[in-house]
Amino acid sequence: MTDRPGRPRVIAPQTRASRGPAPGFTRAQVAEAAVRIADEQGMAAVSMRKVAAALGTGAMSLYRYVDNKESLCALMLDHIHGEVVLPERTGDWRADLRAVAHHLRDAQRKHPWLARIPAGRPAMGPNMIQIFEYAMGVLDGLGLSIEDMLGTFSLISSWVTGFTQEEFAEAEARRNMGVDDAEWERRMTTALESLLSSGDYPYFARVARAGADHDFDTRFERGIDRILAGVQATLPG
């Protein structure tokens, strides 16, 4: 994979070459320290200075391992995707792609601050490339071109990210309000009553009065079912 426009940017797994004494840490240690800060204090708290302090060194020394804050974020992203090991492929492409989707969701749910990292050109480190290789290996042999294989993987990973961000947003809204599911539903219904009673939004009213499905696990399975059905429907032959 290359650093062409529109393509994922590859993160080299080697430590950066630099002048002076040999580095005293590994990139994995730098990533672990940064992830720990983000888990405890949120992504906004992550800085070169704080990561260096957590490692017991000076901020300038981190530039032996990463070029800037963006590179540090990319290193963190790759690190967390190495925490969950994908199972052996079963030979059932639907089950195996579902495993990929669950892996991506689990990694993001474990680290909610991921939703705070600005979207941009995706960076691909060794752990993320392993997920990519797994998914592409599952898709290989289904008669798809390499571009369609890539598009299918991107579709799944992008959908999982969007779904998980929605999940976090609702959970954060409830947490800020300090209410349970029943009270949340009551407040939302009350707030929207004027819209519901106007008759101008019949489908929205039907959804609201039927009660939104707040079981995100069930919604996730339904969503990935639809994506996999769409993939199957577009396979050659």
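The values are calculated or read from the model by the stated rules, or taken from the named source; none is laboratory data. As the structure is a prediction and not an experimental result, all values here were calculated from the model. Neighbour counts run over all protein chains shown; Cβ positions are idealised from the backbone, glycine included. Note: areas computed on protein heavy atoms with side chains; ligands, DNA, RNA excluded. Shrake-Rupley method; radii C 1.70, N 1.55, O 1.52, S 1.80 Å.
Based on alpha-carbon atoms, the Kirkwood radius and the radius of gyration of the range 122-197 give Rg/Rh equal to 1.26. Computed about its Cα centre, the charge dipole of the range 132-195 is approximately 180 debye, with only Lys, Arg, Asp and Glu carrying charge at their Cβ.
Here the Kirkwood formula, the inverse mean of 1/r across different C-alpha pairs, assigns the range 190-232 a hydrodynamic radius of 12.4 Å. For the range 102-201, relative contact order (Cα pairs under 8 Å, six or more residues apart, normalised by length) works out to 32 percent.
A simple charge model with +1 on the Cβ of Lys and Arg, -1 on the Cβ of Asp and Glu and nothing else charged puts the dipole of the chain at about 980 debye relative to its Cα centre. The listed peptides 228-237, 42-51, ordered by packing as a protection proxy, come out as 42-51, 228-237 (highest mean of other Cβ atoms within 10 Å first). Projecting the Cα atoms of TRP113, TYR63, ASN127 onto the charge dipole of the chain, computed from C-beta unit charges around the Cα centre, puts TYR63 farthest toward the positive end.
Roughly how far apart, in whole Å, are the Cα centres of the range 176-224 and the range 55-81? Cα centres, the range 176-224 to the range 55-81: 41 Å.
About its Cα centre, the dipole of the range 90-184 is roughly 300 debye, where the only charges are +1 on Lys and Arg Cβ and -1 on Asp and Glu Cβ. Sorting THR164, THR218 by solvent-accessible area of protein heavy atoms yields THR218, THR164, largest first, with a 1.4 Å probe. Since only TRP159, GLY143, LEU195 are under comparison, the one whose Cα sits farthest along the positive direction of the charge dipole of the range 130-211, derived from C-beta charges on Lys, Arg, Asp and Glu, is LEU195. Amide H contacts of MET124: ARG9, VAL10, ILE11, each under 5 Å away and 5 or more positions distant or on a separate chain (H built 1.01 Å from N in the peptide plane; Pro and chain starts excluded).
Could you please state how large a percent of the accessible area of the chain is carbon and sulfur, counting protein chains only and using a 1.4 Å probe? Ligands and nucleic acids excluded, carbon and sulfur give 54 percent.
Taking the structure as given and computing mean projected area of the Cα convex hull in nm², which label from (1) 17.1; (2) 13.0; (3) 12.0 fits? Among (1) 17.1; (2) 13.0; (3) 12.0, the one derived from this structure is (1). Membrane-span-like helices in the chain (whole DSSP H runs, Cα extent of at least 27 Å along the helix axis, mean Kyte-Doolittle hydropathy of at least 0.5): none found.
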